[in-house]
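The values are calculated or read from the model by the stated rules, or taken from the named source; none is laboratory data. Quantities reported herein were computed from a predicted structural model and do not represent experimental measurements. Counting neighbours? That spans all protein chains shown, and the Cβs are built from the backbone with ideal geometry, glycine included. Protein only, heavy atoms only, side chains kept; ligands, DNA and RNA dropped before computing areas. Shrake-Rupley method; radii C 1.70, N 1.55, O 1.52, S 1.80 Å.
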Amino acid sequence: MKDLSKIGFSSRSSSTRPDKRGGFSDKTYRREREPRSARDNRSDRGSDRNSDIQPVRLITTKSGVSERVMHEEQCRVLEKCGSCPSLDISYKSQLMQKTADLKSRVQKAGTDFSNIVIKDCVESEDRLGYRHNVKLVVSERMSFGGRSSQKEGNKRWIDLGFYRQSLNEVVDIGRCPIQSNTMNDIMGWLRTGIRLHNVSVYTLKNKTGLLQNVVIRTSRHTRQAILIFIVTKADLATLRPLARDIAEKYMNVQGIYMQVVAPGRSAQNEDEKQNDNLTLIVGQDLLEEKFGNFVFKFSAASYMSINPMITNRIYSRIEELLELTGKETVVDLYSGAGGISLTLAQSAREVIGIDHSASSIKDALRNAKINEVKNVDFYEGKVDEVLQKLNSEKRLQKAEAVILNPARSGCEGKTIEQIVALEPKTVVYLSTFFDILFRDLKSFKKAGYEPTIFEPFDTAPGTNNYEVLCYLTKK
């Protein structure tokens, strides 16, 4: 049979339909008979080229085969999603914008920072496909506006994406160009799997449903993945078939967990959520990643960066700035799974890491053992309380350098007071929360520590987010 697609029209041509004059419409053919010059001029316009691109929903086949595997295509929901407002501009311009943004913030912060050196934003080695950690909102809709998926003719569609308040809806991100291929492949089948296993989705309107969010974490080093289903109630009977199906189709999925979170609970305190109990549904714990020469294993409850490559550059930059000689005691506060601690232990006499998360400290101790690093100790608890205890026990009374990487709330309690008591020569402060950063830096300045360098790192290309490294020296 002749292939009609090769001669410019479809086999479902509208020419078989009678027009108003009783004949047959030749609308399909008129486009082909346009003058060549008109077609050439039209093809030169970028807006017309974009209009030929049809929106794509990634629904992976039941066998787990992904429909698309390329990141080079422009994002299909760029404007609607709003998460990556600069994704479609040159990367050089993105870096310039973030540097200018930091300068503007520093200027508005006041005269306390008038003499600080602001460096250019450090680029990410991966501009696309860099994201390895994401929390997605799950939503559903019906293809013909029906309310029940059981009605004949109605098809249930599952959306995975982000809630946009201005639209009051969840925007399905499709195959997101800033996420890893592993993550996108799993997301693609999840849309199908949730529907096939008839897992109910929680909606604010009806205040019913089981599944609220899905967290996907992948490793750049091993391509391994961990999934967390955030649900309104414990329902292993419903989630286990879905989890087993995913694990069978994607051999790199290490483990799948269930986390019960009350509907409407605030998502502001992410550290609190990290400490919530997780129930393993299938598989095993631990995701393996590599920073520099070290291998790290992260449990599902521990913090993990979204961009491992730029994180590795930040660790190296801290080591470079400190200029350690092997005689120093270094304190790593809010140490997480020990990434900075183990990196600096190569050059310091000893490193002490402190974090309030039990799972992070457990991971840090494991990582030190795996990498055979013996000159590092980790302590669990509130940072200011642990510092005070170590001081009273004469375990830690002096330190040459202190590193801070606090969460959204910044330095709580008497943390800054306890740091000053250690009399460090240098302090390095990492943060993405600028208001809190400037608040804490003003406290440090009053205590005799002068911020001298601000260095931004592009942890999230295409977005407005970046991380700032601030270097402080004792006056």
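How many residues, within the stretch 353-393, are of a type in the set (S, T, N, Q) and assigned to a helix (DSSP H, G or I)? Show your work before the answer.
Going residue by residue through the stretch 353-393, those that are of a type in the set (S, T, N, Q) are 357, 359-360, 367, 371, 375, 388, 391-392.
Next, only the ones that are assigned to a helix (DSSP H, G or I) stay: 359-360, 367, 388, 391-392.
The qualifying residues number 6.
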Next on the checklist: Any residue in the stretch 220-248 that is within 14 Å of Ala300 (Cβ to Cβ) and open to solvent by 50 Å² or more (accessible area, probe 1.4 Å) sitting within a Cβ distance under 7 Å of a residue that is polar (S, T, N, Q) and assigned to a helix (DSSP H, G or I)? List the pairs, counting only those 6 or more apart or interchain.
Outcome noted: none
Item to check | All positions within the stretch 198-224 that are under 16 Å from the mean Cα position of the chain (by Cα) and under 13 Å from Glu140 (Cα atoms) | outcome: Asn213
Checklist outcome for this item: Filtering the stretch 421-437 for residues that are among the hydrophobic types (A, V, I, L, M, F, W, C), open to solvent by 40 Å² or more (accessible area, probe 1.4 Å) and either free of Cβ contacts under 8 Å to residues at least 24 places away in the same chain or under 19 Å from Arg395 (Cα atoms) (or both) leaves a count of 1
Next on the checklist: Tally up the residues in the stretch 76-123 that are in contact with a Ser or Thr (Cβ under 8 Å, 6 or more places away or on another chain), open to solvent by less than 50 Å² (accessible area, probe 1.4 Å) and without any contact (Cβ under 8 Å) to a residue 40 or more places away in the chain, please.
Outcome noted: 1
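Can you name every residue in the stretch 159-176 that is hydroxyl-bearing (Ser, Thr, Tyr) and in a loop (DSSP other than H, G, I, E, B)? Let's see the steps before the verdict.
First, pick out the residues of the stretch 159-176 that are hydroxyl-bearing (Ser, Thr, Tyr): 163, 166.
Passing the criteria: only Ser166.
Being in a strand (DSSP E or B), under 24 Å from Ser124 (Cβ atoms) and either at pLDDT 95 or above or open to solvent by less than 40 Å² (accessible area, probe 1.4 Å) (or both): is that true of Asp332 here?
Values: in a strand (DSSP E or B): yes; under 24 Å from Ser124 (Cβ atoms): yes; either at pLDDT 95 or above or open to solvent by less than 40 Å² (accessible area, probe 1.4 Å) (or both): yes.
Judged against the criteria, Asp332 is a match.
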Item to check | Count - residues of the stretch 388-416 that are more than 21 Å from Tyr471 (Cβ to Cβ) and open to solvent by 30 Å² or more (accessible area, probe 1.4 Å) | outcome: 13
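Answer with yes or no whether Ile228 is among the aliphatic types (A, V, I, L, M) and in a helix (DSSP H, G or I). Quick ask: steps written out before the conclusion?
Working: among the aliphatic types (A, V, I, L, M): yes; in a helix (DSSP H, G or I): no.
Criteria not met by Ile228.
Given the options Ile89, Ile118, name the one that is among the aliphatic types (A, V, I, L, M) and at pLDDT 95 or above. Spell out the reasoning first.
On the way: Ile89 fails: at pLDDT 95 or above.
That would be Ile118, the only listed residue that is among the aliphatic types (A, V, I, L, M) and at pLDDT 95 or above.
Collect the residues in the stretch 284-318 that are charged (D, E, K, R) and either in a strand (DSSP E or B) or open to solvent by 50 Å² or more (accessible area, probe 1.4 Å) (or both), keeping them in residue-number order. Even if it seems obvious, please write down each step before you answer.
Of all residues in the stretch 284-318, those charged (D, E, K, R) come to 285, 288-290, 297, 313, 317.
Once the filter is applied, which keeps residues that are charged (D, E, K, R) and either in a strand (DSSP E or B) or open to solvent by 50 Å² or more (accessible area, probe 1.4 Å) (or both), the stretch 284-318 yields Asp285, Glu288, Glu289, Lys290, Lys297, Arg313.
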Checklist entry - Which number in (1) over 19 Å from the mean Cα position of the chain (by Cα); (2) at pLDDT below 95; (3) open to solvent by 60 Å² or more (accessible area, probe 1.4 Å) marks the one condition that Ser149 misses? => result (3)
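Which residues, counting only those in the stretch 335-351, are out of contact with any Leu (no Cβ under 6 Å at 6 or more places or on another chain) and either farther than 20 Å from Asn293 by Cα or surrounded by fewer than 19 Cβ atoms within 10 Å (Cβ to Cβ) (or both)? Walk me through how you get there before you give the answer.
Of all residues in the stretch 335-351, those out of contact with any Leu (no Cβ under 6 Å at 6 or more places or on another chain) come to 335-346, 349-350.
Of everything in the stretch 335-351, those that are out of contact with any Leu (no Cβ under 6 Å at 6 or more places or on another chain) and either farther than 20 Å from Asn293 by Cα or surrounded by fewer than 19 Cβ atoms within 10 Å (Cβ to Cβ) (or both) turn out to be Gln346, Arg349, Glu350.
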Checklist outcome for this item: Among Glu467, Glu372, Glu400, Glu417, the single one that is out of contact with any strand residue (DSSP E or B) (no Cβ under 9 Å at 6 or more places or on another chain) and either under 26 Å from Asn293 (Cβ atoms) or without any contact (Cβ under 8 Å) to a residue 24 or more places away in the chain (or both) is Glu372
Item to check | Looking only at the stretch 438-475, and only at residues there that are touching a helix residue (DSSP H, G or I) at 6+ places or on another chain (Cβ under 7 Å) and part of a helix (DSSP H, G or I), the one that is most open to solvent (accessible area, probe 1.4 Å) | outcome: Lys442
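Answer yes or no as to whether Lys205 is open to solvent by 30 Å² or more (accessible area, probe 1.4 Å) and free of Cβ contacts under 8 Å to residues at least 24 places away in the same chain.
Details: open to solvent by 30 Å² or more (accessible area, probe 1.4 Å): yes; free of Cβ contacts under 8 Å to residues at least 24 places away in the same chain: yes.
Yes; evaluated as a whole, the condition is true for this residue.
When you go through Arg395, Arg349, Arg317 one by one, which is the residue that is at pLDDT 95 or above and over 26 Å from His132 (Cβ atoms)? Walk me through it before giving the result.
Details: Arg395 fails: at pLDDT 95 or above; Arg317 fails: over 26 Å from His132 (Cβ atoms).
After ruling out the rest, the residue left standing is Arg349.
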